[in-house]
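Here the structure is laid out as structure tokens; the discussion comes afterwards.
The values are calculated or read from the model by the stated rules, or taken from the named source; none is laboratory data. A quick note: this is a predicted structure, and the numbers were derived from the prediction, not measured. Heads up, the Cβs are rebuilt from the backbone with ideal geometry, glycines too, and the neighbour counts pull from every protein chain shown.
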Number of protein chains: 2
Amino acid sequence: MVTSEQVARLAGVSRATVSRALNGSPRVSAEARKRIQEAIVSLGYEPDMVAQSLVRQRSRTIALGLFYGDQKSTVLSSISKTQHYFYLDLLRDVEQEIAAAQYDLLLPSISHAQKNYIRSLQMRHVAGTLAIAMHPADERVKALLEAEIPTVFIDSLSQGRSSTYVTSDNQDGARQATEHLIQLGHRRIVTLVSGFSGQIGPVRQAGYRQALQRAGLPIDEDLMYTSGWNTEEAYQATLRLLQERQPRDFTAIVAGSDLMAIGVLRALHQHGLHVPGDVSVVGFDDVDLCRYTEPPLTTIRQDRSAMVQGAIQRLIRMIESDGEYDESMLAPIIIPTQLITRASTGPATGSC
Amino acid sequence: MVTSEQVARLAGVSRATVSRALNGSPRVSAEARKRIQEAIVSLGYEPDMVAQSLVRQRSRTIALGLFYGDQKSTVLSSISKTQHYFYLDLLRDVEQEIAAAQYDLLLPSISHAQKNYIRSLQMRHVAGTLAIAMHPADERVKALLEAEIPTVFIDSLSQGRSSTYVTSDNQDGARQATEHLIQLGHRRIVTLVSGFSGQIGPVRQAGYRQALQRAGLPIDEDLMYTSGWNTEEAYQATLRLLQERQPRDFTAIVAGSDLMAIGVLRALHQHGLHVPGDVSVVGFDDVDLCRYTEPPLTTIRQDRSAMVQGAIQRLIRMIESDGEYDESMLAPIIIPTQLITRASTGPATGSC
DNA sequence: CTGAAAGCGCTTACAG
DNA sequence: CTGAAAGCGCTTACAG
């Protein structure tokens, strides 16, 4: 292996000088810099990142964590098509953004003894953590909030001494979705959000209430349903609510996510209901599948690129500020959402 | 940070002894071992993995590489739903299997200057590489074949001085698919495989030929089509072949993958053809989507778990044998495939 | 601007 | 069975 020692010898300087040149210190003469550069090229030298990590007490590695409350799930294993599909889209951007910043992405194999979660990260000298946390009560999330490791959460509204979060403006998104329906003449609007103990579901529900309130419409708690995040549970929940509400006394459904909306559509079709002729449906997220549903889904777009860019850039600022955070550094990042109108919503019809 | 020094002090021994105890050396007295164990627990000690990596010249990290010939793609970004969907399923298992072996999974941000690909891996002291390579001519694949880094390829039939591969028995799979159709009475069978420069497409085509040959049926080169791996291209290719072959002179299609089969189904439906009434269709892979297509897809199952288990276990054996490979260590691993009969295949009908 | 020296936290011959 | 010492490949005060 080529070491800095050999570079130093070839360039006729000491290892210290090679190190300085490499790290862009101004205290290196132009000539020395030049000779070192030549030596590096001719030897094909590249610094040993492990040695650097040890002496700097920090690697150029960002750990990725996904926390659903289920302790045993690994990062990728918990991203299934019908449940956390949105996060899969997100991860693509994560990898690219981290690579662009010249950091490596690490999926650590930390034993489910989350007791030592932080220590395990420290022993790997990770520079920071990107945590996708739907379940803020997870032990590891709580540990991360206490720890000194720079952390950015996505979708867990948690701030700690070295951590902050980025999230879409979920409430405003749900507000837009609902308002869109109200403008189309809908008055009796069902909402189906995740009743999972995370924070996203309730926030989206709040947006729904807000829109009704602004429009001066009554809020009927009876029209507010919950189910799991996945397609199947949303499908089942919709079948149940269709059963309950005979004759049908609503004309639209605001779903908590696109994948849930797909379950909603399936249930409606199965009951012979036409979308949007009989019932309008709005999703949330704007995943790629929305274009391919029958009919294509009106939804609220979360700006993935902005979320990920915001998260990674902030994370790297935190890392490179060496624990000296000013206030702006820990301020949450809220990304605007946007209504995307496709074919699953239309004017209210019928008796309701 | 708690170091081995502190453990040593508390246990009244030297750091050397702590290290031996930790690494299961037999040369430690029972008492010493006990006191050290207590000290470790009471201090909550965990060894510094970076320091270990430096002195051992090897980390407990396995790098993941995906090589499609497109130099710029990152691991996750290139796994899109309609193209390399199968690999996404695979990655879930990869993460779990690697974690089970107590290794970390690394997605390195190596600059696209693949010139230094190997060196970059070395500077990170990765223990080994899992490489999913559809494009064996990729520079990085070639470099990996020359290198000393233990590597297991998936789907690239490449063996090197420190590398081997695991693959499904693709030829036999395609043979089973075709034979299944022949048994149903089909005589004129189209095959649509990827013409991409990888090795998988041609091998599957060979299985198709083999089945025809065994059945004593003529091989009509005209019935052998190619397209990209993704749904859209397979869809387009099918539209084209349907156009060409008027009146229709075939009763079945063997697709190169399930996602391609989905494109085939779409094109057939669009032409008003019924599956399997008019045309039977077989996929390849058995991804989860197969259950949800209309009709559910008959396909060839690749045993993902077996592939990944085989790959990771072999990789770890290679790593832990410290470069002393016996022959069995570099032998390719071939995983049997299996026909899964669903509703997209049926008896041949009509004139052909 | 530069080098000698100490040190990051471990492991491993070597000697006892 | 155990410890003192050297060393993995870097970086960084310190002194000049």
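Side notes on the structure shown:
Residue-wise test of (1) touching an Asp or Glu at 6+ places or on another chain (Cβ under 8 Å); (2) not small (Gly, Ala, Ser); (3) not assigned by TED's automatic domain parsing to the domain that holds residue A:86.
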{"position": "A:242", "(1), (2), (3)": "no, yes, yes"}
{"position": "A:250", "(1), (2), (3)": "no, yes, yes"}
{"position": "A:254", "(1), (2), (3)": "no, yes, yes"}
{"position": "A:257", "(1), (2), (3)": "yes, no, yes"}
{"position": "A:263", "(1), (2), (3)": "yes, no, yes"}
{"position": "A:281", "(1), (2), (3)": "no, yes, yes"}
{"position": "A:284", "(1), (2), (3)": "yes, yes, yes"}
{"position": "A:291", "(1), (2), (3)": "no, yes, yes"}
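- Within region A:1-18, being surrounded by fewer than 19 Cβ atoms within 10 Å (Cβ to Cβ), under 19 Å from residue A:56 (Cβ atoms) and within 9 Å of DNA strand C (Cβ to nearest atom) holds for A:15, A:16.
- Each residue in region B:10-25 was checked for being part of a helix (DSSP H, G or I) and farther than 16 Å from residue B:52 by Cα, and 2 of them qualify.
- Residue that is touching a Phe, Trp or Tyr at 6+ places or on another chain (Cβ under 6 Å) and within 20 Å of residue B:260 (Cα to Cα), where the choices are B:168, B:194: B:194
Let's see how each residue does on (1) more than 22 Å from residue A:333 (Cβ to Cβ); (2) within 14 Å of another protein chain (Cβ to nearest Cβ); (3) polar (S, T, N, Q):
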residue: A:109; (1), (2), (3): yes, yes, yes
residue: A:120; (1), (2), (3): yes, yes, yes
residue: A:135; (1), (2), (3): no, no, no
residue: A:140; (1), (2), (3): no, no, no
residue: A:158; (1), (2), (3): no, no, yes
residue: A:178; (1), (2), (3): yes, no, yes
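So that you can scan it fast, the table gives a plain yes or no per residue for (1) surrounded by fewer than 22 Cβ atoms within 10 Å (Cβ to Cβ); (2) assigned by TED's automatic domain parsing to the domain that holds residue B:127:
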{"position": "B:151", "(1), (2)": "no, yes"}
{"position": "B:182", "(1), (2)": "yes, no"}
{"position": "B:186", "(1), (2)": "no, no"}
{"position": "B:196", "(1), (2)": "yes, no"}
{"position": "B:215", "(1), (2)": "yes, no"}
{"position": "B:222", "(1), (2)": "yes, no"}
{"position": "B:225", "(1), (2)": "yes, no"}
{"position": "B:235", "(1), (2)": "yes, no"}
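- Test: residue in region A:87-95 that is acidic (Asp, Glu), outside any strand (DSSP E or B), within 9 Å of chain B (Cβ to nearest Cβ) and without any contact (Cβ under 8 Å) to a residue 12 or more places away in the chain: yes
- The one condition in (1) in contact (Cβ under 8 Å) with a residue 24 or more places away in the chain; (2) exposed (fewer than 15 other Cβ atoms within 10 Å of the Cβ) that residue A:322 fails to fulfil: (1)
- Of all residues in region A:30-52, those that are assigned to a loop (DSSP other than H, G, I, E, B) and either away from DNA strand D (no atom under 14 Å from the Cβ) or surrounded by fewer than 17 Cβ atoms within 10 Å (Cβ to Cβ) (or both) total 2.
- Residue check, residue A:168 crowded, with 24+ Cβ neighbours inside 10 Å and on the phi < 0 side of the Ramachandran plot: yes
- Across region B:7-29, the number of residues qualifying as away from DNA strand D (no atom under 12 Å from the Cβ), touching a residue at least 12 places away in the same chain (Cβ under 8 Å) and more than 14 Å from chain A (Cβ to nearest Cβ) comes to 1.
- Matching residues in region B:50-86 - criterion: being over 17 Å from residue A:97 (Cα atoms), at the interface with chain A (Cβ under 8 Å from one of its Cβ atoms) and at pLDDT below 90: B:81
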